[in-house]
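Visitor: Following this message is one structure expressed as structure tokens.
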Amino acid sequence: MSKMYEEFHKNFEIVIADTPELLRVVFHVRYQALCVEKRLPGFDMSLYPDQLEKDQYDHHSSHALLRYRETGDFIGTVRLIRCDPMNSGKPFPVELHTLIDPALCNIDELSRQHTVEISRLIVLNNFDRRKSERRNVETRSMDSNTSETDRRYLPNLTLLLVAAAVRMSNQGNVRNWLSVMEPALNRLLGYYGSGLTPIGPKVNYLGLRRPYFSNYVDMLDRMYLTHRDAWEIVTEKGMYCRSPTTTIFAKRECD
């Protein structure tokens with residue numbers, strides 16, 4: 001068991017938002033991040049008098065929250081947009097807002113029932129360490145009493161939201177991940193072996209972003225071989241990994 005895995009469970013908890021009460025928390029975290037902190041175009045606070053940011057994709061999405069154990073506060077969220085059961089041909093946002101190169105990814109050949117789009121991957125500013133981590137590729141502690149050794153092993157918060165996405169994907173027989181994200185964010189994920197493959201040019205959509213794709217089971221195999229400490233967190237030491245290869249090897253190492 002890695003030190004980073006231990007620090008993850010010591011400091012954070014992934015909560016699947018599967019009740020109306022938890023979904024309200026999800027939508028309020030999104031409102032706080034998108035409308036109050038970032039103030040992105042189209043996310044004016046006046047449009048959300050109930051302080052809940054929701055859209056047309058939420059009713060056919062899975063949602064998760066990230067909780068900071070010390071305070072009990074929910075500090076981040078992520079959703080997986082699934083195929084709409086009432087409209088199986090409904091485009092994913094990545095299809096509407098980016099230019100996908102069919103030579104890199106032919107979406108028409110993907111099974112929509114086994115494909116999701118990672119969306120609304122958010123960490124509130126008070127806990128958002130991504131900017132410093134992009135520069136230093138390291139984490140810092142939120143507790144001044146934590147030792148320098150422990151600080152080095154605190155996991156990246158975005159990686160923990162990827163772990164939440166893996167947990168939700170494991171529940172729904174998902175094979176493929178799509179996303180629209182900042183290239184810098186994907187580079188950070190790449191450091192942990194969880195980066196996605198670019199499938200089109202950069203576009204101006206809520207800032208400079210790019211479309212990405214990954215077969216998420218293949219991604220977990222790469223993580224297992226190259227970033228074992230991150231793999232332990234993302235898969236809960238293989239519990240949320242459907243790859244026979246990594247599951248067998250992980251079991252052997254634990255026996």
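The values are calculated or read from the model by the stated rules, or taken from the named source; none is laboratory data. No experiment lies behind these values; they were computed from the predicted model shown. Ideal geometry is used to build each Cβ from the backbone, glycine not excepted, and the neighbour counts take in all protein chains shown.
Visitor: So in segment 45-88, with the set limited to residues that are free of Cβ contacts under 8 Å to residues at least 12 places away in the same chain and small (Gly, Ala, Ser), which one is nearest to residue 199 (Cα to Cα)?
Guide: 46
Visitor: So how many residues does segment 181-224 have that are surrounded by fewer than 17 Cβ atoms within 10 Å (Cβ to Cβ) and of a type in the set (A, V, I, L, M)?
Guide: Count: 4.
Visitor: Identify, from the list 25, 29, 36, the residue that is free of Cβ contacts under 8 Å to residues at least 24 places away in the same chain, part of a helix (DSSP H, G or I) and surrounded by 13 or more Cβ atoms within 10 Å (Cβ to Cβ). Even if it seems obvious, please write down each step before you answer.
Guide: Numbers: 25 fails: free of Cβ contacts under 8 Å to residues at least 24 places away in the same chain; 29 fails: free of Cβ contacts under 8 Å to residues at least 24 places away in the same chain.
Going through 25, 29, 36 in turn, just one is free of Cβ contacts under 8 Å to residues at least 24 places away in the same chain, part of a helix (DSSP H, G or I) and surrounded by 13 or more Cβ atoms within 10 Å (Cβ to Cβ): 36.
Visitor: Would you be able to tell me the number of residues in segment 181-219 that are among the β-branched types (Val, Ile, Thr), closer than 24 Å to residue 235 by Cα and assigned to a strand (DSSP E or B)?
Guide: From segment 181-219, those among the β-branched types (Val, Ile, Thr) are 197, 199, 203, 217; that's our starting set.
Filter once more, keeping what is closer than 24 Å to residue 235 by Cα: 197, 217.
Still in the list and also assigned to a strand (DSSP E or B): 197.
Counting residues in segment 181-219 that are among the β-branched types (Val, Ile, Thr), closer than 24 Å to residue 235 by Cα and assigned to a strand (DSSP E or B) gives 1.
Visitor: Do you know which of the residues in segment 197-255 that are at pLDDT 90 or above and among the acidic types (Asp, Glu) is nearest to residue 119 (Cα to Cα)?
Guide: Of everything passing the filter in segment 197-255, 218 is nearest to residue 119 (Cα to Cα).
Visitor: Say we look at segment 164-180 and pick out the residues that are part of a helix (DSSP H, G or I) and among the polar types (S, T, N, Q); which of these is surrounded by the fewest Cβ atoms within 10 Å (Cβ to Cβ)? Explain how you work it out, then say what you get.
Guide: First, pick out the residues of segment 164-180 that are part of a helix (DSSP H, G or I): 164-171.
Keeping just the survivors that are among the polar types (S, T, N, Q) gives 169-171.
Working: 169: 23, 170: 18, 171: 13.
Among those residues, the one meeting the criterion is 171.
Visitor: Yes or no: segment 83-96 includes at least one residue that is of a type in the set (Val, Ile, Thr) and under 21 Å from the mean Cα position of the chain (by Cα). It would help to see each step written out before you state the result.
Guide: We begin by selecting, within segment 83-96, every residue of a type in the set (Val, Ile, Thr); these are 94.
Adding the requirement that they be under 21 Å from the mean Cα position of the chain (by Cα) leaves 94.
Within segment 83-96 (the criterion being of a type in the set (Val, Ile, Thr) and under 21 Å from the mean Cα position of the chain (by Cα)), the answer is yes, since at least one residue qualifies.
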